[in-house]
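Computed from the coordinates by the stated procedures, all read-outs in this text should not be read as laboratory data. Everything quoted here is computed from the prediction, not taken from an experiment. FYI the Cβ positions are ideal-geometry reconstructions off the backbone, even for glycines, and counts take in every protein chain you see.
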Amino acid sequence: MMPIAPENILKHELIGLDVKIVNSKNEKIVGIKGKVIDETKNTLIIANSNVKRKIPKDIAIFQFKLPEGTIVNLDGSKLIGRPENRLKVKMRKW
C-alpha cells in the first residue's frame, strides 16, 4: 500500500493519527485534539490525557497530522461511512 499522503488520506486508516478539530457546527468541540483511537461509521473517537471523546464526523473539520509531519484539513462529511468500506471505495477528488 502507498504511504499515507494528503492525496490518499481517505484510502488509509485514521486510527493512530494526531487530530485537531479546527471548525465545527458545535463551537464547544473546536480545539479538541488528541489521537484517533477508534472510528465508527459516523464518529471518530479521540483520546487525550485519558479523556475519550466521541466526535460526530459530519459536523466537524478535522486537521490530521500525517506521520511525516504534513498537516491535512479534511471535512468530516467526507469520512462518513464504515472505515472498512471507505478504504475499498474508488477515491474521488476532494
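Among the residues making up the range 11-21, those that are surrounded by 15 or more Cβ atoms within 10 Å (Cβ to Cβ) and either among the β-branched types (Val, Ile, Thr) or touching a Ser or Thr at 6+ places or on another chain (Cβ under 9 Å) (or both) are 19, 21.
At least 2 residues being within 25 Å of residue 7 (Cβ to Cβ) and basic (Lys, Arg) is the threshold, and among the strands (runs of 3 or more DSSP E) wholly inside the range 23-88 those reaching it are 33-39.
Out of the residues in the range 22-46 that are under 20 Å from residue 82 (Cα atoms) and aliphatic (A, V, I, L, M), which is surrounded by the most Cβ atoms within 10 Å (Cβ to Cβ)? Top of the filtered list is 44. Pairing residues of the range 12-40 that are free of Cβ contacts under 8 Å to residues at least 40 places away in the same chain with residues that are crowded, with 16+ Cβ neighbours inside 10 Å and basic (Lys, Arg), at Cβ distances under 6 Å and at least 6 apart in sequence or on separate chains, gives 33/20.
Got at least one residue in the range 1-9 being touching a residue at least 60 places away in the same chain (Cβ under 8 Å), outside any loop (DSSP other than H, G, I, E, B) and of a type outside the set (Val, Ile, Thr)? The answer is yes, given that some residue of the range 1-9 is touching a residue at least 60 places away in the same chain (Cβ under 8 Å), outside any loop (DSSP other than H, G, I, E, B) and of a type outside the set (Val, Ile, Thr).
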